[in-house]
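The values are calculated or read from the model by the stated rules, or taken from the named source; none is laboratory data. Treat the numbers as computed from the prediction; the structure is a model and nothing was measured. With ideal geometry, Cβ positions are generated from the backbone for all residues, glycine too; neighbour counts draw on all protein chains shown.
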Amino acid sequence: MATLLRIMILISILASFSTVAAGTSFSDSESAFSTLSPSPASSPMTLLQENTLPMSLFGPILADLGFADFAAAAPSLSTSTVWRGPITVFAATDSSVLTCPSCSVPLLLQEHTVPGLFPIHYLSTLAFGTKIETLAPGRCLTITSTNNSSRIFVGGVEVTHPDLFNNGLVVVHGLQGYVSHLSPFSCSIERMTSLTFLPPPPQAEAFVMRLMLRDAMLRLRISGYTVLAIALKVKYAELMDFSSFTVFALDDPSVFSSGQSFVTDFRFHVVPNRLLLAEELEHLPAGTILPTMHNGHNLMVTTNGGIQHTPMRINYVQMARLDLLYNLKIAVHGITAPFPNVNLTAALEVIQLGHPGSQHASISSQKNQQSSSMNSRMQWSMENDHHHGL
C-alpha cells in the first residue's frame, strides 16, 4: 500500500513538471519576442496588476506631504480613470487652491496628475514646450524651463519643491501655485506657444486670434472669470483687430462684491497689441506708460515688481496673480481692485521724488511727507464718463 502511494505521488509530481515545461518551452525567437510583447499568460491585466497603484495609498501620501485638498480628492481618481500604473503628481498647495473657489478640486487633481514616472532630472531633459497628457482625457500639461534647466515650469507654474516623494510608483512635485483648468485645446492648439513653432503667416493671423479667443473664454469660464469671458465675447470684433493684447482682470466674486466699475471700465483694463507676460511685466520700470483700449486713458506702472520682490502695482493697484492665463495672443493677470483713473503727470512726479535712484522706496512715506502739496495734485478719479459700459 505504501509503495502504491509513493508511485501515485511520483506520477503527480512528474505531471506537474511536464505541465510547467510545456507552458514555458519557447523557441529562441518566441522568447525574444516576449520581451517586447508579453505572452497571453502575463498580459495585459497581469502586468498592470504587477505595477498597480493602490489608490487607497495615494490620498495618505498627499496628506502626509501637506496637500490636504488634493488628498481629499484622491478617492475620485478610482472612478474617474482606468489607469492604475505609476503616476506623477504636480501638487498645488492648499492655499493656492483656495484662491480659486470656483475650481473643481477633483478635476484639478486629474489635470495635475500624469501617467508615468517623471522625476525632476528627467523633466529637465525634456524639450521646451513638451506636452504630457494628464489623467483628464484630452488635457495636456506643457513643460518649459529656463535656458540651463535650473527652473522647471509646468503649465507656466514653477516646480519649487521637486521630488518630494518617489517610491517607484508615485512621484510628487510641489508647485509654486496651481495650473488653471486646462483647455480642450491644450494638447494641440497651445503647441503654438512652444519655441519650436514657426510664426503663422500673415493671412493666418485672424484665424489664430479666433482660436486664442475661444481658448481664453473657455478656460476663463471654468476658472472663475465668467464676467471677463463675457467681456471678451462682447468686445470680440474689436479684439480681433489686435495682434495680441493683455488684460488685467477681477475674478467673479470680486466683481459681484465691489468691482462693478471693472465692467464699466473694461476697455481701461486692456493693453492692446502687447503680450505682457509676468517676466516682462514685473521688470517694467516705475513710470512706464501702458496705452489702453480706452483712447486717451493710459495706465502707469507705479511700483516695479522686479526689485527685491516688491509687490507690483499699476495705477497703485497691486497685482493679485500674474500669468493667470496666457496663450499665443492673450495674457491675463489678476488684480486686487479695478484700476482708478490717475493723474499720470502727478503720479510720475511722486515716483521720481519718492524713488531717487531706487524704485523700490516707499511711495506711501513720500506721500505722507508731502501730503499737503501732493494730495491736491493726484486727482484720483473714479468717474465713468464716456465709458458706456462694455
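A few comments on the model shown:
- Yes/no for LEU109 being touching a strand residue (DSSP E or B) at 6+ places or on another chain (Cβ under 7 Å) and either surrounded by fewer than 19 Cβ atoms within 10 Å (Cβ to Cβ) or of a type in the set (A, V, I, L, M) (or both): no
- The stretch 97-106, subset β-branched (Val, Ile, Thr) and farther than 23 Å from ARG84 by Cα, residue surrounded by the fewest Cβ atoms within 10 Å (Cβ to Cβ): THR99
- The single condition among (1) at pLDDT 85 or above; (2) of a type in the set (A, V, I, L, M); (3) in contact with a strand residue (DSSP E or B) (Cβ under 7 Å, 6 or more places away or on another chain) that MET212 does not meet is (1).
- Top-ranked residue of the stretch 62-88 - restricted to ones that are of a type in the set (Ser, Thr, Tyr) and farther than 15 Å from GLU133 by Cβ, ranked as surrounded by the fewest Cβ atoms within 10 Å (Cβ to Cβ): THR79
- Scanning the stretch 307-327 for any residue that is of a type outside the set (Val, Ile, Thr), touching a helix residue (DSSP H, G or I) at 6+ places or on another chain (Cβ under 8 Å), surrounded by fewer than 18 Cβ atoms within 10 Å (Cβ to Cβ) and at pLDDT 90 or above turns up nothing.
- Of residues in the stretch 59-83 being of a type in the set (Gly, Ala, Ser) and at pLDDT below 85, the one farthest from PHE165 (Cα to Cα): SER80
- Meets criteria (under 24 Å from ALA63 (Cβ atoms) and at pLDDT 85 or above) for HIS112: yes
- Of the residues THR144, THR130, the single one that is at pLDDT below 90, over 18 Å from SER95 (Cα atoms), out of contact with any helix residue (DSSP H, G or I) (no Cβ under 8 Å at 6 or more places or on another chain) and surrounded by fewer than 19 Cβ atoms within 10 Å (Cβ to Cβ) is THR130.
- Residue match in the stretch 355-365 (condition: at pLDDT 85 or above, within 34 Å of the chain's Cα centre (by Cα) and either surrounded by fewer than 16 Cβ atoms within 10 Å (Cβ to Cβ) or assigned by TED's automatic domain parsing to the domain that holds GLN176 (or both)): no
- Counted residues, the stretch 310-346 - those being within 18 Å of ASP215 (Cα to Cα) and not in a strand (DSSP E or B): 3
- The residue that is surrounded by the most Cβ atoms within 10 Å (Cβ to Cβ), counting only those in the stretch 264-306 that are under 19 Å from GLY156 (Cβ atoms), in contact (Cβ under 8 Å) with a residue 40 or more places away in the chain and touching a strand residue (DSSP E or B) at 6+ places or on another chain (Cβ under 6 Å), is LEU276.
- Tally, over the stretch 112-124, of residues that are more than 19 Å from the chain's Cα centre (by Cα) and crowded, with 20+ Cβ neighbours inside 10 Å: 0
- Of residues in the stretch 89-121 being in a helix (DSSP H, G or I) and of a type in the set (Gly, Ala, Ser), the one nearest to VAL157 (Cα to Cα): SER96
- Considering each residue of the stretch 330-339 in turn, none proves to be closer than 25 Å to LEU232 by Cβ, in the same structural domain as THR226 (by TED's automatic domain parsing), out of contact with any Leu (no Cβ under 8 Å at 6 or more places or on another chain) and buried (at least 16 other Cβ atoms within 10 Å of the Cβ).
- Evaluation of ASP215 against (1) in a helix (DSSP H, G or I); (2) of a type outside the set (Val, Ile, Thr); (3) more than 19 Å from LEU322 (Cα to Cα) (one fails), failing number: (3)
- For the stretch 147-167, taking the residues that are assigned to a loop (DSSP other than H, G, I, E, B) and surrounded by 17 or more Cβ atoms within 10 Å (Cβ to Cβ), the one that is modelled with the highest pLDDT is identified as GLY155.
- Members of the stretch 65-88 found to be in contact with a Phe, Trp or Tyr (Cβ under 8 Å, 6 or more places away or on another chain) and assigned to a helix (DSSP H, G or I), listed by number: ALA74, LEU77
- Any hit, the stretch 174-185, residues being assigned to a strand (DSSP E or B) and of a type in the set (Phe, Trp, Tyr): no
- Any hit, the stretch 178-188, residues being more than 30 Å from GLY259 (Cβ to Cβ), surrounded by fewer than 20 Cβ atoms within 10 Å (Cβ to Cβ), more than 13 Å from the chain's Cα centre (by Cα) and modelled with pLDDT under 90: yes
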